[in-house]
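Take a look at the structure set out below.
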Amino acid sequence: MNIKAQITNLVPYKPGKPSDEVKKEFGLSEIVKLASNENPFGCSPKVDEWFKENGVNHAIYPDGYATNLRDSLAKKYSLSPEQFILGNGSDEIIQIISRAMLEKGKNTVMPVPSFPQYKHNAIIEGAEAVEVPLINGAHDLQKMAEAINENTSIVWVCSPNNPTGKYINKLELTSFFDLVPDHVLIVLDEAYHEYAVAEDYYDAVELLKSYPNLLVTRTFSKAYGLAGFRVGYGMASPSIIQAIEPVREPFNTNVLGQTAAQIALGDEEFLENCVKQNRLGLEQYYDFCKEAGLSYFPSQGNFILIDFERDGDLLFQELMKNGYIVRSGKALGYPTALRITIGSKEQNEKIINVLKGILKN
Ligand SMILES: *Cc1c(COP(=O)(O)O)cnc(C)c1O
């Protein structure tokens, strides 16, 4: 078979063990999963209410243009509907952009460690992935700008960055954008945008006006609590959207996801409360880290990367035995760290206590 050569060495995404399997293996009755930055408070109750009272027609194709959701997004951000592309998660937006712009002979510049799908898609398309190491958890924007050349198609920026939680402030971000030549698309991955509260955090929608080569991605999977429905989106100038739109599958977002996302978008109160709880949860971890003398990155996301100065995989195993699933830093570029999703107050308290117990040994 003629599989693309560059794919033969690529490993497929390895999801964490399903909770039921972990329960059985360790004889546990309850599992708390804090591994994928899902919302511990679920989603807006309005979504559940709607689905209890209404049905959707399963036999009919969804609206491939996601008109209602698109219009709601356009209204929320005061953009035109032509400035959006909807995806089966923002993962698919990353794939669409890569498929539209990358090929052999082209390169794409990205931070590392960061979201692994930028590189994964670049390899599939046969393009060169130019990885620029983070400095102390933050993008090295100077080096990233220097890495761009005439063959560069895309530069990826992730803020707040997964897995470190660090953000880029407005001045740093725009100074970098000013250095990026017009032929390069800047993709600003803002999967955790809703959680960011720093005073000097930028308004990415506003920046679209000044930077015609900017595309911003966001998602309903994290703060909106709809990861299972798979809805993400990209925002850019109409000409960029028009250029990449032919790559999108005709019915890539489904009728359930479109409906849930639109309802969730209208419940700002739910979102505000989650963001507030998340900040309080982060404080619990900061206190713990200070008390235990552990170093961590202050986070603008709903997760925290803590350096335990111990093997991340072993710690991960220990926590799993106690019913907590987190992410080992090993696969994320931080071998002695864990990335833990901020849970509810009680969940945070409990896992911190378990960690204290483990650290004593
Ligand atoms: C979770 C995540 C995504 C993808 O989320 P979707 O569920 O596909 O919308 C994209 N980028 C980053 C940085 C993420 O953490």
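Which distance in nm do the two modelled labels at Ser210 and Gln242 give, with both placed 7 Å along the Cα-to-Cβ direction?
Here the answer is 2.6 nm between the modelled labels.
What dipole magnitude, in Debye to the nearest 20, does the chain give about its Cα centre under +1 on Lys/Arg Cβ and -1 on Asp/Glu Cβ?
820 debye
Tell me the carbon and sulfur percent of the accessible area for segment 219-299, rounded to whole percent, probe radius 1.4 Å.
Carbon and sulfur atoms account for 54 percent of the accessible area of segment 219-299.
Contour minus end-to-end for Ser78 and Val197, with contour as 0.36 nm per residue of separation and end-to-end as the Cα-Cα distance?
This chain segment gains 40.7 nm when fully extended.
For the chain, place one equal point scatterer on every Cα, skip the solvent, and apply the Debye formula. What is log10 of I(q)/I(0) at q = 0.14 Å⁻¹?
-1.28
Can you give me the C-alpha center-to-center distance between segment 181-207 and segment 1-19, rounded to a whole angstrom?
30 Å
If you take the Cα Rg of segment 58-266 and divide it by 2.2 N^0.38 Å, with N the number of residues, what do you get?
Details: Rg = 16.3 Å, N = 209, 2.2 N^0.38 = 16.8 Å.
Cα-based Rg divided by the globular estimate yields 0.97.
So how much slack lies between Asn273 and Glu309, counting 0.36 nm per residue of separation and subtracting their Cα-Cα distance, in nm? List each step's numbers first, then the result.
On the way: separation 36, 0.36 × 36 = 12.96 nm, distance 3.36 nm.
That works out to 9.6 nm of additional length.
With all distinct Cα pairs included, what does the Kirkwood hydrodynamic radius of segment 229-294 come out to in Å, to one decimal, could you say?
Computed over Cα pairs of segment 229-294, the Kirkwood hydrodynamic radius comes out at 15.7 Å.
Sum -39500 (n - 2.57) across every DSSP H segment of at least 4 residues in the chain, then divide by the residue count to get the 222 nm mean residue ellipticity, nearest 500.
Values: 13 runs with 141 residues, N = 361.
After summing the helix terms and dividing by residue count, I get -12000 deg cm²/dmol.
Which sequence of Asp178, Asp189, Asp311 reflects their accessible areas, 1.4 Å probe, from the largest down? Write out the running numbers ahead of the final one.
On the way: Asp178 105, Asp189 10, Asp311 55 Å².
The residues order as Asp178, Asp311, Asp189, largest area first.
Averaged per residue, what accessible surface does the chain expose to a 1.4 Å probe, in Å²?
48 Å²
The values are calculated or read from the model by the stated rules, or taken from the named source; none is laboratory data. Predicted model, so just to flag it, every value in this text is computed and none were measured. FYI the Cβ positions are ideal-geometry reconstructions off the backbone, even for glycines, and counts take in every protein chain you see. Note: areas computed on protein heavy atoms with side chains; ligands, DNA, RNA excluded. Shrake-Rupley method; radii C 1.70, N 1.55, O 1.52, S 1.80 Å.
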